[in-house]
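The values are calculated or read from the model by the stated rules, or taken from the named source; none is laboratory data. Predicted model, so just to flag it, every value in this text is computed and none were measured. When we count neighbours, we look across all protein chains shown, and the Cβ atoms used for this are built from the backbone with ideal geometry, even at glycine. The accessibility values were calculated without ligands, DNA or RNA, using every heavy atom of the protein model including side chains. Shrake-Rupley method; radii C 1.70, N 1.55, O 1.52, S 1.80 Å.
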Amino acid sequence: MRIFYFLSLLSIPLFFSSACTDAQLERLEVTPMAYGSVDQMHLVCDEYLWDKSPIGDSIRQYFEALYPITPQPEPILDLRHVESREFNKVLKTHRSIVILADLSEKEEAGTALVRKLLGPKKIKKAAEDPSYRIMVQKNRWAKDQTVIFWFAPDRQSLFETVCRDYQKVINILHEKDTEKLVKQVYFSGQTEEVEADIRQGLNLSLSVPKGYKISHQDSVACWLRKETNKVSSNIFIYSIENPGPNTLSPDSLKAIRNRLTKDYFASWQEGSYMQIDDVNLPTYYEKIDFGEREALQARGIWFMANDFMGGPFVTYLIPDPDRNRIILLDGFIHAPGQKKRPEMRKLDVIFSTFALKTKK
């Protein structure tokens with residue numbers, strides 16, 4: 001009797017396994033963590049879309065456009081094409097996946113994949129609703145994963161949505177990447193002593209990650225610096241008191257930054273000073289919403305006069321009418337031989353925490 005009972009127990013998992021559907025077995029598997037770095041994207045589509053169609057050309061044009069602005073060309077996203085038939089279990093665990101499909105090509109692997117994953121109701125909706133072209137799933141095959149299904153009922157409609165909605169797709173991926181960047185930047189915590197000095201000295205707040213130290217501080221300025229063996233990352237804050245009426249203009253921003261960096265920054269080379277280099281690359285200016293204020297942003301490259309140094313920078317002029325001043329918030333890096341985009345993205349994360357103290 002005991003032998004029969006033992007054999008019966010052994011037969012239970014065998015029966016259970018044989019009775020499970022593939023979908024049930026998939027749910028029982030342990031979900032892996034997604035792999036992949038920030039600003040990386042796997043594009044899954046059939047070969048004819050990638051190599052033999054203006055759709056592929058448009059994808060490369062939009063997603064591999066240059067990040068503004070770095071001394072050497074760096075794309076907005078590191079894009080890797082994956083042929084639909086090669087989209088295997090390992091590749092499905094990448095953290096950022098875009099699956100592109102022309103739903104009219106029923107014999108193609110990419111179309112079959114999207115039809116299977118979306119289901120008949122969503123496929124029907126795509127055919128009937130011209131605005132339904134994108135569906136986002138979180139954690140589809142892995143934890144901390146974003147999968148974007150990008151589709152259309154025919155090739156012309158797919159081309160149109162790529163040209164029209166590419167920025168929406170980039171924004172979805174960037175939003176998720178920013179969450180990861182925040183965790184990376186503040187993984188070791190914040191430097192509370194430095195934050196307190198900035199609050200007291202300049203009446204503003206900034207969440208400063210561990211590793212940044214004050215290199216200089218006076219009544220109107222604060223320079224923070226973080227040094228590693230590969231990257232020098234710098235934050236410069238300056239209070240422009242009693243600004244003129246035309247301070248928030250590109251010409252004024254350039255003049256102010258050049259004047260301040262000439263006074264505050266030099267290398268070991270005698271007679272050196274920092275300036276904006278808008279000869280080799282143009283400086284990009286834009287008015288943006290910064291918190292509840294309209295600020296002027298500039299992105300470009302800097303060089304060290306009388307020395308051989310340079311790199312990217314971003315500068316903001318942020319009005320503070322309560323105190324009759326404008327805050328110059330500037331970030332620049334020096335990272336010879338290294339990619340600049342990731343470091344500039346980290347500075348953007350830090351600057352997103354900027355806030356002016358309310359005047360009582």
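See the values below:
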quantity: Conditions (1) open to solvent by 40 Å² or more (accessible area, probe 1.4 Å); (2) assigned to a strand (DSSP E or B); (3) at pLDDT 95 or above; number of the one not met by Asp289; calculated: (3)
quantity: Candidate set: the stretch 248-271, residues that are open to solvent by 10 Å² or more (accessible area, probe 1.4 Å) and polar (S, T, N, Q); chosen: the one farthest from Ile198 (Cα to Cα); calculated: Gln269
quantity: Residues that are in contact (Cβ under 8 Å) with a residue 12 or more places away in the chain, surrounded by fewer than 21 Cβ atoms within 10 Å (Cβ to Cβ) and either in contact with a His (Cβ under 8 Å, 6 or more places away or on another chain) or of a type in the set (Gly, Ala, Ser) (or both), drawn from the stretch 131-149; calculated: Ala142
quantity: Ile148 modelled with pLDDT of 95 or more and either in a strand (DSSP E or B) or assigned by the TED database to the domain that holds Phe63 (or both); calculated: yes
quantity: Filtered residues of the stretch 79-99 (kept if open to solvent by less than 20 Å² (accessible area, probe 1.4 Å), touching a residue at least 60 places away in the same chain (Cβ under 8 Å) and not charged (D, E, K, R)); calculated: His94, Ser96, Val98
quantity: Residue count, the stretch 197-213 (criterion: open to solvent by 40 Å² or more (accessible area, probe 1.4 Å) and over 27 Å from Asn229 (Cβ atoms)); calculated: 3
quantity: Boolean, Ile350 is part of a strand (DSSP E or B) and either in the same structural domain as Pro245 (by the TED database) or modelled with pLDDT under 95 (or both); calculated: no
quantity: When residues of the stretch 306-341 are limited to those that are open to solvent by less than 10 Å² (accessible area, probe 1.4 Å) and among the small types (Gly, Ala, Ser), the one nearest to Ile256 (Cα to Cα); calculated: Gly331
quantity: Enumeration of residues in the stretch 43-73 that are in a strand (DSSP E or B) and crowded, with 17+ Cβ neighbours inside 10 Å; calculated: Leu43, Val44, Cys45
quantity: Positions within the stretch 97-125 being touching a strand residue (DSSP E or B) at 6+ places or on another chain (Cβ under 6 Å) and in a helix (DSSP H, G or I), in sequence order; calculated: Gly110, Thr111, Val114
quantity: Which numbered condition Ile76 fails, given (1) open to solvent by less than 60 Å² (accessible area, probe 1.4 Å); (2) modelled with pLDDT under 95; (3) among the hydrophobic types (A, V, I, L, M, F, W, C); (4) over 30 Å from Val279 (Cα atoms); calculated: (4)
quantity: Ser188 vs. criteria more than 30 Å from Leu113 (Cβ to Cβ) and either of a type in the set (Asp, Glu) or open to solvent by 50 Å² or more (accessible area, probe 1.4 Å) (or both); calculated: yes
quantity: Condition met for Ala255 (part of a helix (DSSP H, G or I) and not basic (Lys, Arg)); calculated: yes
